[in-house]
Amino acid sequence: MQRDLLDGVVAFTTVARRRSFTVAAADLGVTPAAVSHAVKQLEARLGVVLFARTTREVGLTEAGRRYLQGAQPAVEAMEAATVSARSLGEGPAGTVRLTTSRLALRMLLAPVITDFSRAYPDVRLEVVVDDASISIIEEGFDVGVRMGEMIAPDMVAVRVSQPFRFCVVGAPALLQRWGRPEHPRDLKAIPCLNVLQTTRRNNYRWEFEEDGREFEVAVDSAISVNDFDFLLKSAIDGLGLTYQPEPLAMPHVMTGRLERVLDPYLAGPTAWHLYYPSRLGASAPLRAFVEFMRGRLRVPGRA
């Protein structure tokens, strides 16, 4: 591949993601004029216009959207190959600052952090557990882990877990005493245990779906705690229904300590994602961490 073509493809995919020549230039460490020149050369080579430019915004043309579908995977594969090749020589060294929610730490990261540290002993991980949605740029983090729908659209998001859903579970004794809810609106008549959103000082609304329509229910919570494990234990003790990720709840359902309710109304799946500002501006330690996490996802049976 000729150098000018490669430069054009990289510039194009970066502008397409950032929707700005200026921001893309900052990501790539070049001037906006250099990015514009590279894109114009690519457009001339292809014989099509890739961007619809106005004074206020940059959008993709139909040709641009089609080209992005083919070019983006190639750029990602090239970056992954670079990380893989570097791992055979001198390993990356430095620090990766990571922000994660406590639920992501519990479900995903705890074993991964240990394995990554063994594989990359010269990379130091600084992990801050915070359930709030924060700006990793403003707070000085390299990467974050959150559910996909919580990530800002201007971030690079990489799925690193299998999809999972949230379900409603309760102890058999509780359901025998209060009855099984037939519809999410019935939750208002049954004791519930809910996650406290510490940043908003209110309880999490349980999400459901009916006839293709998503809706939320604000339950009356007997206990509100910002810890899913504590709520799960309280549900096993019969204190109320709780809204839990299936991977955490199912072992207790299989043993009979908990039972599922309202399954026909469960919302669609979510997944854990890594997110960070720019692929091309990522440090060697960060690229190694991202590729390590993606590799874990490709291993059968791992989430």
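Derivation of every value follows stated rules applied to the coordinates shown; laboratory data play no part. None of these values were measured; they are calculated from a predicted model. As a convention, Cβ positions derive from the backbone with ideal geometry for all residues, glycine included, and neighbour counts pool all protein chains shown.
Structural remarks
- Amide N proximity, the stretch 37-80 versus ARG294 label position 7 Å along Cα-to-Cβ, cut-off under 19 Å: 68-80
- Relative contact order %, the chain, counting alpha carbon pairs below 8 Å whose residues are six or more apart: 21 percent
- Simple spin-label estimate for ALA119 and ALA132 gives 3.2 nm between the two label positions (7 Å along the Cα-to-Cβ direction from each Cα).
- Protection proxy ranking, peptides 28-41, 283-296, average beta carbon neighbours within 10 Å, highest first: 283-296, 28-41
- Candidate membrane-span-like segments in the chain, meaning DSSP H helices with Cα atoms spread over at least 18 Å of their own axis and a Kyte-Doolittle mean of -0.5 or above, are 3-18, 32-46, 62-88, 284-298, with no membrane implied.
- Within the stretch 166-265, the proportion of Cα pairs with more than 22 Å between them is 22 percent.
- Protection-proxy order for peptides 125-131, 95-101, each taking the mean of Cβ atoms within 10 Å per residue, highest first: 95-101, 125-131
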